[in-house]
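Engineer: This is the structure, below, for whatever I ask next.
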Amino acid sequence: MIDLSGKVALITGSSRGIGHGCALEMAKVGANITVNYNSHPEDAEAVAQGVRDEGQQALVVQADVSDREAVDQMVAETVSTFGRLDIVVCNAYYSKREPFLDLSVEAMERTLAVCLWGSFHTAQAGARRMVEQGDGGSILFITSVLAEVAFPTSVPYNTAKAGLNHMCRTIAAELAPHEIRANAIEPGYTDTPGERQFATEEEMEEAAKGLPLGRLGTIEDLGKAATFLCSDAADYITGTILKVDGGYCLK
């Protein structure tokens, strides 16, 4: 049912973690991929090789998504290389956990610049290209269950992800006449390099035991959900926030 043959997907922050999972799962069903990174070039090249190993083409682009000019250039380079753009996954993120009373303005601003503004820049630049092409497309935001759960020491990240959810719904309403769908995924506790910067192996294992499904999410779990939502198998789904959290929010 899921076939992305001939489609081109730009995935921000795809050198590691959930973006990596999205890139490989989409490549498995036929998509060519723009692998975006900011600070992990070797990882980005490894992901690109994984895409090529699946028989698809890969383009690696360094860009800080908080920089609109860099995002516009990344979209232009994608179109120049592949001839079109069909899927945009806004995944790049930044997070620094500090108690609210100690939270620096710089940490708040940087988190919003990458997570919220970066997603805005990427989604808008991608959508403009899709409208120009005239045959629809798909935009996906990777948000978080922390958009709804008031996890302490995470004010900037929680705020950005909550904003992304409503940005997604509003964009979906506006772009529906162009047959461009916009959806979001809320990952729960997922085994990623980003998560591991805040938790030890023992803490990760303990967290897994507390989830209803008894394990942490994997990048493959998130990649499969993303691939579905960006495919024609989900062509009647837009403005949806899908939890992929192993039951985290059931607790």
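The values are calculated or read from the model by the stated rules, or taken from the named source; none is laboratory data. Everything numeric here is computed off the predicted structure, so don't read it as measured data. Here the Cβ positions follow ideal geometry from the backbone for every residue, glycine too, while neighbour counts run over all protein chains shown. The protein model used for the area step is the full one, side chains on, heavy atoms only, and it has no ligands, DNA or RNA in it. Shrake-Rupley method; radii C 1.70, N 1.55, O 1.52, S 1.80 Å.
Engineer: Looking only at the range 98-118, how many residues end up being touching a Phe, Trp or Tyr at 6+ places or on another chain (Cβ under 6 Å) and not aliphatic (A, V, I, L, M)?
Structural biologist: Result for the range 98-118: 3.
Engineer: Still on this structure, please answer the following. Please give the number of the condition GLN73 fails out of (1) part of a loop (DSSP other than H, G, I, E, B); (2) open to solvent by 10 Å² or more (accessible area, probe 1.4 Å); (3) among the polar types (S, T, N, Q).
Structural biologist: Checking GLN73 against (1) part of a loop (DSSP other than H, G, I, E, B); (2) open to solvent by 10 Å² or more (accessible area, probe 1.4 Å); (3) among the polar types (S, T, N, Q), the one that fails is (1).
Engineer: In the range 177-189, which residues are touching a helix residue (DSSP H, G or I) at 6+ places or on another chain (Cβ under 6 Å), open to solvent by less than 40 Å² (accessible area, probe 1.4 Å) and over 30 Å from MET204 (Cβ atoms)?
Structural biologist: ILE180, ALA182
Engineer: Here's something else I'd like to know. Can you say whether ALA107 is more than 19 Å from the chain's Cα centre (by Cα), part of a helix (DSSP H, G or I) and closer than 24 Å to TYR37 by Cβ, as far as the supplied structure shows? Let's see the steps before the verdict.
Structural biologist: On the way: more than 19 Å from the chain's Cα centre (by Cα): yes; part of a helix (DSSP H, G or I): yes; closer than 24 Å to TYR37 by Cβ: yes.
Spelling it out, ALA107 is indeed more than 19 Å from the chain's Cα centre (by Cα), part of a helix (DSSP H, G or I) and closer than 24 Å to TYR37 by Cβ.
Engineer: So which residues in the range 203-251 are assigned to a helix (DSSP H, G or I), among the charged types (D, E, K, R) and at pLDDT below 95, if there are any at all?
Structural biologist: Correct list: GLU203, GLU205, GLU206, LYS209.
Engineer: Consider ALA182 against the criteria (1) among the aliphatic types (A, V, I, L, M); (2) touching a residue at least 60 places away in the same chain (Cβ under 8 Å); (3) not in a helix (DSSP H, G or I): it satisfies all of them except one. Which criterion is unmet?
Structural biologist: Result: ALA182 fails condition (2) only.
Engineer: Conditions first: (1) of a type outside the set (Ser, Thr, Tyr); (2) crowded, with 18+ Cβ neighbours inside 10 Å; (3) closer than 16 Å to ILE11 by Cα. ALA107 passes all but one, so which condition is the exception?
Structural biologist: For ALA107, the failing item is (3).
Engineer: Only residues that are under 17 Å from ALA92 (Cβ atoms), surrounded by 18 or more Cβ atoms within 10 Å (Cβ to Cβ) and hydroxyl-bearing (Ser, Thr, Tyr): list them for the range 119-176, please.
Structural biologist: SER119, THR122, THR143, SER144, TYR157
Engineer: Have a look at LEU59, LEU24, LEU101, LEU85 and point out the one that is open to solvent by 40 Å² or more (accessible area, probe 1.4 Å) and either in a strand (DSSP E or B) or touching a helix residue (DSSP H, G or I) at 6+ places or on another chain (Cβ under 6 Å) (or both).
Structural biologist: Sole residue among the options that is open to solvent by 40 Å² or more (accessible area, probe 1.4 Å) and either in a strand (DSSP E or B) or touching a helix residue (DSSP H, G or I) at 6+ places or on another chain (Cβ under 6 Å) (or both): LEU24.
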